[in-house]
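**Student:** For reference, the structure I am asking about is given below.
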Amino acid sequence: MDKSYSSAADAVADIGDGASLAVGGFGLSGIPHNLIGALLAQGAGSLEVVSNNCGIDGSGLSVLLAAGRIRRVVGSYVGENREFARQYLHGELELELTPQGSLAERLRAGGSGIPAFFTPAGVGTLVAEGGLPWRYHRDGTVAIESPAKELREFNGHWYVLERSIVCQFALVRAARGDLHGNLIYHASTRNFNPLCAMAGQITIAEVEELVQPGELDPEHIDTPSVFVQRVVEVGDVGKQIEKLTTRSRTTSTIGDAIQ
C-alpha cells in the first residue's frame, strides 16, 4: 500500500478545528517542522496538543502557539518558551503538566490498547493529589485545577493511576521511511517520535528520505508501518540548534593542546 503524499499541505489538509495531536520531538530535536508549518498555513485552530514541550520561541509548536491556534497542551515542561509561559500564566492556554516518563508511557499505552496503568511517579505530590493549575483566570487565580487520581498499594508501595493517551492525529519526523510507512529515526531524534506515532489514530510522518518497500533493513525499523497512515518526503533542510555553546579558540590554547 502506497501511503505517500505529494506535500505536507496535502497530508494535513483534513485536520480540523479542535483536533487532538500527538507531536514528536524533544526541544528542537526530531520536530516535524514541515508538517507544523503546513498546519499553520492550513488554518486549523483550538487544537489540543500532546507533546513533551512546545519547542522554543519562533520554532516548532511555538509557531502555532504564537498564532493562537492551540487551546490545550499536555506536556512535561514549559522549558525556555516565553510565549508558552506567558499564555499559560495569563489564562490563554490550558496546560496539563505530567511527569516525562508518565507521558511517554501514556502515549505507548494508548498505542498498545491499554486504557490505564499504575506508576509510582507523582505519588505524594500534586500530580496524584490534585490541585495543579491547569488554567488560570486573567487575574492570576486558578480557573481549572487537576483532579485527584486513584491510588493503590501493591507489595507495600503506593502507585497512582495514569490514563493512556490516544489522539486523532500524530505528527512525527523520521530520517528514512518507505512507501508502506515503515520509519527509521536518527540517533536522538528517536525521542518521543515512536511513542507519538503509536498514539495517533491517523499518524502522519515527514521523512528526509523516502524509499521503496524492501529498501529498509527490517532489523533497523523503529516504527512499523501498522502505526503510520501517511508519509511525505521533505528532504534534509537543515536543523536548528536549541543552545549553541562554544568557547574561543586561541593560538596558545591550540598549541598547548598539540603539546
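**Student:** Which residues, taken from region 164-180, are closer than 24 Å to Leu47 by Cα and either in a strand (DSSP E or B) or at pLDDT below 95 (or both)?
**Tutor:** Cys167, Gln168, Phe169, Ala170, Leu171, Val172, Arg173, Ala174
**Student:** Do we find that Ile241 is open to solvent by less than 50 Å² (accessible area, probe 1.4 Å) and either at pLDDT below 95 or in contact with a helix residue (DSSP H, G or I) (Cβ under 8 Å, 6 or more places away or on another chain) (or both) in this structure?
**Tutor:** No, not satisfied.
**Student:** Does at least one position in region 21-40 carry a residue that is within 24 Å of Pro133 (Cβ to Cβ) and over 10 Å from the mean Cα position of the chain (by Cα)?
**Tutor:** no
**Student:** A follow-up question, please. Please give the strands (runs of 3 or more DSSP E) falling wholly within region 1-118 in which 2 or more residues are open to solvent by less than 10 Å² (accessible area, probe 1.4 Å).
**Tutor:** Once the strands (runs of 3 or more DSSP E) in region 1-118 are filtered for at least 2 residues that are open to solvent by less than 10 Å² (accessible area, probe 1.4 Å), what remains is 20-23, 47-50, 70-75.
**Student:** A follow-up question, please. From the list Leu126, Leu97, Leu132, which one is under 17 Å from Gly75 (Cβ atoms) and without any contact (Cβ under 8 Å) to a residue 24 or more places away in the chain?
**Tutor:** Just a single option satisfies the conditions, and that option is Leu126.
**Student:** Could you list, ordered by first residue, the pairs with Cβ atoms under 8 Å in which the first is in region 208-220 and at negative phi and at pLDDT 95 or above and the second is polar (S, T, N, Q) and not in a loop (DSSP other than H, G, I, E, B), at least 6 apart or interchain?
**Tutor:** Leu210/Ser4
**Student:** In region 169-228, which residue that is of a type in the set (D, E, K, R) and surrounded by 24 or more Cβ atoms within 10 Å (Cβ to Cβ) is farthest from Gly30 (Cα to Cα)?
**Tutor:** Ranking the candidates gives Asp178 first.
**Student:** If Leu97 meets every condition in (1) at pLDDT 95 or above; (2) over 30 Å from Thr141 (Cβ atoms) apart from one, which number is that one?
**Tutor:** All conditions are met except number (2).
**Student:** Also: Return yes or no: is Thr245 among the polar types (S, T, N, Q) and part of a strand (DSSP E or B)?
**Tutor:** no
**Student:** So in region 132-163, with the set limited to residues that are assigned to a loop (DSSP other than H, G, I, E, B) and open to solvent by 70 Å² or more (accessible area, probe 1.4 Å), which one is farthest from Leu89 (Cα to Cα)?
**Tutor:** Here the answer is Asn155.
**Student:** Quick one: what pairs do we get from region 29-49, first residue in contact (Cβ under 8 Å) with a residue 12 or more places away in the chain, second β-branched (Val, Ile, Thr) and assigned to a loop (DSSP other than H, G, I, E, B), C-beta under 7 Å, 6+ apart or different chains?
**Tutor:** Asn34/Val234; Leu35/Val12; Ala38/Val12; Leu39/Val12; Leu39/Ile15; Gln42/Val12; Gln42/Ile15; Ala44/Ile15
The values are calculated or read from the model by the stated rules, or taken from the named source; none is laboratory data. Bear in mind that the values here come from a model prediction, so they are computed numbers and not experimental data. Note that we place each Cβ from the backbone using ideal geometry, even for glycine, and neighbour counts take in every protein chain shown. To get the accessible areas, we keep the full protein, side chains included, count just its heavy atoms, and leave off ligands, DNA and RNA. Shrake-Rupley method; radii C 1.70, N 1.55, O 1.52, S 1.80 Å.
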